[in-house]
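The values are calculated or read from the model by the stated rules, or taken from the named source; none is laboratory data. Quick caveat, the model's predicted, so the values are computed rather than measured. Cβ: placed from backbone, ideal geometry, glycine included. Neighbour counts: every protein chain shown. Remember, those area values only see protein heavy atoms, side chains included, never the ligands or the DNA or RNA. Shrake-Rupley method; radii C 1.70, N 1.55, O 1.52, S 1.80 Å.
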Amino acid sequence: MVVKSTVDYQVGENVFEGVLCVPDIAKKEKLPAVVILHAFFGCSQFETEKAEQLAELGYVAFAADVYGKGKRGTTREENFALMKPLVEDRNGLLKGRLEGAFKFLAGLENVDARKISAIGFCFGGLCVLDMARHGLPLRSVVSFHGTLSPLPGTESLKGLDHLKPAVCVLHGDADTHINAQVEKFMEEMRVRKADFFFTSYGSAKHGFMMPITDKLNVAGVGFCAKTERRAWSAMKDFLEETL
């Protein structure tokens, strides 16, 4: 049994609204947990479903919100407008919201704060990689078709800190939006001496996990059911190992 609830949490002066899914056994013991970071659409039914699936596997799962309560776009343009200031201030505004989501989850009485991982989709993939880069005490992160570019100010890849969380990147080989970033990302992981692996799925495009991407009619973007199954299975094995 999974108990699902919509929860408000605060970061600074701003209120955010996420979805928390808790296995019934959490009443008896502290459990490992996973925070889910959303794509540019905002925290949606897709992330809620993933939270439920993770809770069914025995994790406390929290679909976080980095836009703000009630802030959801209804068009592609509106969603990009919500995402834009966060992407432009990854070391400030976005970092604070990611830390806030982590602290909320880690502070729950049924969560083992020593065993938290993060997964994210598209923009959310960038978010979880940044959580690792910022040194949040995560066990591991999983990026599904996420943006891979380094943090602003670290493009030279010199003097970077060791990356402590284990990193799993699940990428679409036909993702024309991200492919140019792959080589630099791999070099960053080597410089950071990261425990990482990178899987590129043949013919899969950007957004391959999300059925809604087929409706965008954007080149290089689209859902792939076969890759979705394979990538989710890879994530489950990775979380089982790291948590």
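Testing the spin-label approximation: label points 7 Å from Cα along Cα→Cβ at residue 76 and residue 197. State their distance in nm.
With each label point 7 Å from Cα toward Cβ, the separation is 3.4 nm.
Under a Cβ-only charge scheme (Lys and Arg +1, Asp and Glu -1), can you give me the dipole magnitude of segment 2-242 about the Cα centre, in debye to the nearest 20?
That gives a dipole near 220 debye.
Can you tell me what share of the DSSP beta bridges in segment 2-242 is antiparallel? A percent to the nearest 5 is fine.
So the antiparallel bridges in segment 2-242 amount to around 30 percent.
In Å², and per residue, what accessible area does segment 1-61 have when probed at 1.4 Å with the other protein chains present?
46
Only Cα pairs under 8 Å and at least 6 apart count here; give the relative contact order of segment 2-242 as a rounded whole percent.
Result for segment 2-242 is 15 percent.
Looking at segment 6-40, which GluC sites (Glu not before Pro) are DSSP coil and have at most 11 other C-beta atoms within 10 Å of their C-beta?
Here the sparse-neighbourhood loop sites are 13, 29.
By its C-alpha gyration tensor, with a ≥ b ≥ c as the square roots of the eigenvalues, how is segment 35-122 shaped: rounded for a/c under 1.5, else prolate for a/b larger than b/c, else oblate?
Note, shape of segment 35-122 comes out oblate.
Is the shape of segment 113-152 best called rounded, prolate or oblate, per the rule: a/c under 1.5 gives rounded, else a/b larger than b/c gives prolate, else oblate, with a ≥ b ≥ c the square roots of the Cα gyration tensor eigenvalues?
Note, shape of segment 113-152 comes out oblate.
Between 59, 201, 67, which gets the highest mean-square fluctuation from a Gaussian network model of the chain, Cα cutoff 10 Å?
Checking each option, the largest mean-square fluctuation is seen for 201.
Within the accessible area of segment 2-242, what % is carbon and sulfur when the probe is 1.4 Å and the other protein chains stay in place?
49
Starting from the Cα-Cα distance between residue 158 and residue 233, subtract it from 0.36 nm times their residue separation and give me the gain in nm to one decimal.
Length gained between residue 158 and residue 233: 23.5 nm.
So what is the calculated 222 nm ellipticity per residue for the chain, using -39500 (n - 2.57) for each DSSP H run with n of 4 or more, over all residues, to the nearest 500 deg cm²/dmol?
It comes out at -10000 deg cm²/dmol, rounded to the nearest 500.
Please go through the residue pairs 95/115; 95/184; 84/193; 84/226 and name each one whose alpha carbons sit more than 25 Å apart in this structure.
Those over the limit are 84/193; 84/226.
Once you sort the root eigenvalues of the Cα gyration tensor of segment 126-176 as a ≥ b ≥ c, which label holds: rounded (a/c under 1.5), prolate (a/b larger than b/c) or oblate (the other case)?
oblate
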